[in-house]
Every structure is written in C-alpha cells, then in structure tokens.
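Notes follow the structure.
The values are calculated or read from the model by the stated rules, or taken from the named source; none is laboratory data. Keep in mind that this is a model prediction, so the values were computed, not measured. Methodologically, a virtual Cβ is constructed for each residue, glycine included, from the backbone with ideal geometry; neighbour enumeration extends over all protein chains shown. These accessible areas exclude ligands, DNA and RNA; they are computed on the full protein's heavy atoms, side chains included. Shrake-Rupley method; radii C 1.70, N 1.55, O 1.52, S 1.80 Å.
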Amino acid sequence: MNYQHQDVQGNVIDLPQGKVVCIGQNYQDHIAEMQSKTAPEALFFIKPSTALCALQSGITIPQQQGAVHNETELAVLIAKPLKNADIATVIDAIWGYSLALDLTLRDVQAQLKQLGRPWEIAKGFDNACPVAGFVAKAQVSDPQQLDFSLRVNGELRQQANTMLMIRPVYQLISEMSQHFTLLPGDIILTGTPAGVGPLHSGDELQLQLANVLTVNSKVH
C-alpha cells in the first residue's frame, strides 16, 4: 500500500511523500548505550521516500538480515521549502509532529561500520520508517517539552522527554537545511533515546506522544 501523510484522525495531508532526514546521536543516554564516538559536527543521514510506511498499518521487518532494532523518535513534517533557514523560518515551515521508528538492521550496520563503509542499507531499506499520523503544530505548544515512549508487548522499552535532545528541534532542522534543501512533504527524525532493541514478528507495540498521540502497531 502506498504511503500518504495523514493526521491523527486519519485524514490525508496534501503534501507529497518526501525523503526522511535524520540525526544520529542526539540523546546522551543512547550514545552511551551504543558506546559511540561523538564529534562536534551533527551526524545527519537520509532515508529515501520508499522507507516510509504507516505505523498503524503494521510493520514488516526484513528476514535473514540479523537483528532489526527499534529507535523511537519525534518526527516533524515539513510543509514549506527550507534552505539555509533561520529558526523563525523553520518554525513557519513545520506542519506538525508525530512519532516514527527509525528501524535499523543492527548487525548489518555494525559490519559496515567495521569496514568503514556508509550504512545506508542498514537504515534506508523499504519500510524502514514507519510513521504515525501527525498532530498539527498548533496543538503542540513546545516541541521541546514532550514526553514520549515505546512499549513492546506491554513492557516499557523506551521513554524520554524531548528536552533531553542535544540539538533542539528547530536548531537541528536549521542545521540540516544548510546541507540539504528540505521540501514540502519531507520528514525530519530528531534522534532516539536509550532502549533500542530487537523486534520480532508478532510483537505488539504502543507508542505514546505526550497527551496528543497514542498509536498501536504490530510487527509482521
């Protein structure tokens, strides 16, 4: 089924299916759990539009490619073009907010890192970015004060508040726009906190964003 941006009521949002621009290493606890090396420069990467799928419709994970890990993230839908944008321009260009999973082939990624190679195939495969319906930005008074969580089979796996981001939402989108032109329909992923782990067929997921979004899904 082709992906289309939707709001939380299931109404189609009149924006094209764009690319997904992501930031890695944006929560200190996740950096620690991954034993990652950090640098002053932001770690940006892109998932293609073909990675997008509707979270509420269920998640299809690759088989025979090792562990597929959850990475729960605040997602931001862009409604206007952004290039070398300042903060005020970024705020004006945002349509709304949601939650997404940055699904990661962890074993594949580890092998590619060891070889010193790019790891797009561990992040950009088909259906690698399940995303829920979007909440209009007018309903979110401050994107830097949002609790969010992931439960897997009823057990809490990830929980954080967006105030813990190393690079806040508006700043990181502004930085992204220095490197990549952001277009209407693009989605920004803002980083994951600690608690990444493997998903398996049959797992039942519940994602919660403050008091504005709850979405249930199942892994196929």
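Annotations for the structure displayed:
- In this structure the chain gives 46 Å² per residue of accessible area when probed at 1.4 Å with all protein chains present.
- Working from Cα pairs under 8 Å separated by at least six residues, relative contact order for the chain is 32 percent.
- Estimated FRET transfer efficiency (residue 179, residue 216; beta-carbon r; R0 22 Å; 0.05): 0.05
- Coordinate range of the alpha-carbon atoms in region 156-220 per principal axis, descending: 41, 25, 25 Å.
- Long pairs among 83/123; 83/218; 47/83; 113/218; 83/137; 80/218, criterion Cα-Cα beyond 28 Å: 83/218; 113/218; 80/218
- Sequence-ordered 3J(HN,Hα) estimates for region 204-209 from the Karplus curve with 6.51, -1.76 and 1.60 and θ = phi - 60° stand at 10, 10, 9, 10, 10, 10 Hz, glycine and proline given as x.
- Heavy-atom accessible surface of region 1-152: percent carbon and sulfur, 1.4 Å: 49 percent
- The distance separating the Cα centre of region 64-81 from that of region 99-151 comes to 2 Å.
- Here the label points at residue 12 and residue 166, each 7 Å from Cα along the C-beta direction, are separated by 4.0 nm in the simple model.
- 26 Å tail of the calculated P(r), the chain, as % of Cα pairs: 28 percent
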